Structures are given as C-alpha cells and as structure tokens.
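Take a look at the structure set out below.
The values are calculated or read from the model by the stated rules, or taken from the named source; none is laboratory data. Because the structure is a prediction, the values reported are computed rather than measured. Note that each Cβ is placed from the backbone with ideal geometry, even for glycine, and that neighbours are counted across all protein chains shown. To get the accessible areas, we keep the full protein, side chains included, count just its heavy atoms, and leave off ligands, DNA and RNA. Shrake-Rupley method; radii C 1.70, N 1.55, O 1.52, S 1.80 Å.
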Amino acid sequence: AGFGGKCDLYSEADGGFVVDIKTKEFTDPDKVGAYDENLMQLAAYRVGLGVPTARCANVFVSRNVPGLVVVKEWPLEQVETGWAMFMHLLSFWQLKNDHR
C-alpha cells in the first residue's frame, strides 16, 4: 500500500472500529477541535488494518484537566473524504520522493 502506522485501538467486530487517542491542552470539552490530519490518519488506519468499513473516532485526553476526555466519532462520509485526501497526499509524497 505504500504507507504504515501504529493504531491505538481497533476491532473487526460488528463492522469494526478504529480509534486514535490524542492528548492536547484543553479545558472546555465543547471547544476541542479535530483536524483533517486526524481524519486522514484514521481513514488510512482502517484501510491498512483491513477493516475498510470501520467506524472511526478520536479520543482527546486533556493535559490540563485530569479525567477530561472527549470522543469525536467521524461520520462515514467524512471518513471517505479523509481517505481520498490521504491518497492524494500519499501520491504527492511518493512522486516527490521518487518512491514508487
């Protein structure tokens, strides 16, 4: 596939799920932002792990407030877009680095 990574948690049960845990500084759970990079990483994990229809989520753990955790599950449509974005960036990287 031309890429790799290390997933924090995944399962093939019930259609599968892929979870990536991120620590970041935040105190307000309503203002935790997730980024395209998070989405693309999860989309690539699910393909690489062989669970291409898995649900995807980030778990954000606050560095500021002990015990404060926010779960962001990505809608399927966004995960599919994230996969397309990842593939375009992978192609760019492979061309730039003469990695075929």
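Hey, could you check region 31-74 for residues that are assigned to a strand (DSSP E or B) and among the charged types (D, E, K, R) and say which is nearest to LEU90 (Cα to Cα)?
Of everything passing the filter in region 31-74, ARG55 is nearest to LEU90 (Cα to Cα).
Please give the number of the condition GLY2 fails out of (1) of a type outside the set (S, T, N, Q); (2) part of a loop (DSSP other than H, G, I, E, B); (3) out of contact with any His (no Cβ under 9 Å at 6 or more places or on another chain).
So GLY2 meets the others, but not (3).
Look through region 55-73, keep the residues that are among the basic types (Lys, Arg) and closer than 15 Å to PHE17 by Cα, and return whichever of them is least open to solvent (accessible area, probe 1.4 Å). Lay out the reasoning, then the answer.
Let us first name the residues in region 55-73 that are among the basic types (Lys, Arg), namely 55, 63, 72.
Those still in the list that are closer than 15 Å to PHE17 by Cα too: 55, 72.
Values: ARG55: 144, LYS72: 64 Å².
Here the residue is LYS72.
Checking the condition among the β-branched types (Val, Ile, Thr) and either open to solvent by less than 60 Å² (accessible area, probe 1.4 Å) or not in a strand (DSSP E or B) (or both), which residue from THR23, THR27 passes?
THR27
Of all residues being touching a residue at least 12 places away in the same chain (Cβ under 8 Å) and open to solvent by 20 Å² or more (accessible area, probe 1.4 Å) in region 30-39, which is farthest from VAL79 (Cα to Cα)? Just the residue, please.
VAL32
Select, from LEU42, LEU76, the only residue that is of a type outside the set (Ser, Thr, Tyr), at negative phi and open to solvent by 70 Å² or more (accessible area, probe 1.4 Å).
LEU76
With the checklist (1) more than 18 Å from THR23 (Cβ to Cβ); (2) at pLDDT 95 or above; (3) among the basic types (Lys, Arg) in hand, flag the one item ARG100 doesn't pass.
Going through the list (1) more than 18 Å from THR23 (Cβ to Cβ); (2) at pLDDT 95 or above; (3) among the basic types (Lys, Arg), ARG100 breaks only (2).
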